[in-house]
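> Next up is a structure, given as structure tokens.
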Amino acid sequence: MSNPGDLNDAPIESKAQLVALLAEGAKPQGSWRIGTEHEKFGFVLPGDHSGREAYSAPAYTPEGIESLLEAVMADGRDWQAITDHDKLIGLKGQGAHKGESLSLEPAGQFELSGRPVATLYETRDEMQAHFEAIRKPGKALGLGFAPLGFQPLWTRDAMPIMPKSRYAIMRRYMPKVGTLGLDMMTRTCTVQVNLDFGSEEDMARKMRVSLALQPLATALFANSPFYEGKLNGLLSNRAQVWTDTDNARSGMPACCFDDHFGFEQYVDWVLDVPMYFIMRDGEIRDVAGASFRAWLEGKAQPALAGFTPTMGDFEDHLTTVFPDVRLKQFLEMRGADAGSPAMMLAQSALWVGLLYDPATLVAAEALVREQDWSVYRALRAEVPHNAMGADFPGGLRALARRVIALAEQGLRARGLGEEVCLAQLQIIADGGPTQAEHWVERFKGAWQGDVRHVFEEAAI
């Protein structure tokens, strides 16, 4: 989840301003970029002498997440502190790291939001440089990092809490709207890629294709088969958590599949998603459950009395909706578990290949339209349990092979040789195990039922 941004205090005078905000994201194809965000769990290394339990989640302080951020900032010197009530909660890149940011998820999951880059090779290099940058200070603090979809060992109550004001609001509100929201906050990690669009029509086509295929991505990248030290009967528990986090703001919004879908339809959907907070005078104010649409219409809501809605409020609100594909001034692919570096790179490669070559995008849209949109919604509910074994007309692996072939076509059209980044996905489509299935085999075999081994084997 993003760090706080600068507030745009321009008052909202009409819905057209909100539509225009999204439309401003359109770019010519030559300016399209790739922005990859990935999260990982910190864990206490075995042999640490601080008295902390091996593999436990590091606290904010002492010798935890705050110290790690401080060490990265001191070592790299190209980072600016982001604070919340004088607590260090993230870093904004400067100089060599301009365009990057480091942020904290609610239980200290460590996230790099990468800068927009032109090629997948730059994405790979950025990812590797980030891992190297946190290994040394992490080791000095007795910490390692493992990108997995769901915390494999610890209970929700055993997870630490980060001092980020918006998370306190979410913790209070989440149990009112779903049973698994607190698990989403504290025990999940994802990888996503952020991609550009050229026009409203291009955005809508990319939205339909990517939203329909997010369940396939969930299956391909499934990497969370454990719950509190045991097998959970699922292959992507992270995806299962999202089925009952807050369905008013997540999932596959029906409006996105409408043939007339565009910026205004998305704005209308967002306006009806309940709010979390507004920023005023540097303070986050809890307005959880309030209606942004009612606020715009001047209808009385006690929590918002005396406040005029601004463009900054709407920009903040856009970050609190969680569909499987999220529209801001770019599109965010949000359906995958965090995983190995090769798999996280493959996640970016899949969507770049499908969406950035116009001819491939047309072919991908024709492919997804072979099924009714309801088929993809039904698939979303099944893939957390069965991943690539989920029921789909003609078989999900057959769909995967066709989709990966299109992604390879799209990458080949870029002429950079980036199609090699899809190799791991091709193995799975051809019958190989998902990451989750690999861990299940290890758990039942070499690990002899001790899930703690996953931290070391998945560590970056």
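The values are calculated or read from the model by the stated rules, or taken from the named source; none is laboratory data. Every value quoted in this text rests on a predicted model; they were computed, and no experiment measured them. A quick note on method: Cβ atoms are made from the backbone with ideal geometry, for glycine too, and the neighbour counts reach across all protein chains shown.
> Which one is surrounded by the most Cβ atoms within 10 Å (Cβ to Cβ), of the residues in the stretch 202-258 that are assigned to a helix (DSSP H, G or I) and among the basic types (K, R)?
Across the stretch 202-258, the extreme among qualifying residues is R238.
> Further question: Mind checking which residues of the stretch 423-460 are free of Cβ contacts under 8 Å to residues at least 12 places away in the same chain and either closer than 18 Å to P147 by Cβ or under 23 Å from the mean Cα position of the chain (by Cα) (or both)?
P433, H438, H453 - these are the residues of the stretch 423-460 that are free of Cβ contacts under 8 Å to residues at least 12 places away in the same chain and either closer than 18 Å to P147 by Cβ or under 23 Å from the mean Cα position of the chain (by Cα) (or both).
> Let me ask something additional. Which residues, counting only those in the stretch 77-107, are free of Cβ contacts under 8 Å to residues at least 60 places away in the same chain and either within 17 Å of L143 (Cβ to Cβ) or in a strand (DSSP E or B) (or both)?
W79, Q80, A81, T83, L88, L91, G93, L102
> Give the residues of the stretch 426-457 that are out of contact with any Ser or Thr (no Cβ under 7 Å at 6 or more places or on another chain), small (G, A, S) and outside any loop (DSSP other than H, G, I, E, B), sorted by residue number.
Matches in the stretch 426-457: A429 only.
> Among the residues of the stretch 193-226, count how many are among the aromatic types (F, W, Y) and under 16 Å from T360 (Cβ atoms).
The number of residues fulfilling the criteria is 1.
> Starting from residues that are assigned to a loop (DSSP other than H, G, I, E, B) and in contact (Cβ under 8 Å) with a residue 40 or more places away in the chain, keep the ones in the stretch 275-291 and report whichever is farthest from K164 (Cα to Cα).
Step by step, filter the stretch 275-291, then rank; the result is G289.
> Output the number of the condition that D272 fails; it satisfies all remaining conditions of (1) surrounded by 18 or more Cβ atoms within 10 Å (Cβ to Cβ); (2) closer than 24 Å to E200 by Cβ; (3) touching a Phe, Trp or Tyr at 6+ places or on another chain (Cβ under 9 Å).
Among (1) surrounded by 18 or more Cβ atoms within 10 Å (Cβ to Cβ); (2) closer than 24 Å to E200 by Cβ; (3) touching a Phe, Trp or Tyr at 6+ places or on another chain (Cβ under 9 Å), D272 violates only (1).
> Another question, then. Looking at the stretch 108-119, I want the residues that are of a type in the set (V, I, T) and have a partner that is at pLDDT 95 or above and buried (at least 21 other Cβ atoms within 10 Å of the Cβ) with Cβ atoms under 7 Å, at least 6 apart or on another chain. Which pairs are those?
The qualifying pairs are V117/I34; V117/T123; T119/E418.
> In this structure, does S113 turn out to be at pLDDT 95 or above, touching a Lys or Arg at 6+ places or on another chain (Cβ under 8 Å) and farther than 26 Å from Y227 by Cβ?
On the way: at pLDDT 95 or above: yes; touching a Lys or Arg at 6+ places or on another chain (Cβ under 8 Å): no; farther than 26 Å from Y227 by Cβ: yes.
Spelling it out, it is not the case that S113 is at pLDDT 95 or above, touching a Lys or Arg at 6+ places or on another chain (Cβ under 8 Å) and farther than 26 Å from Y227 by Cβ.
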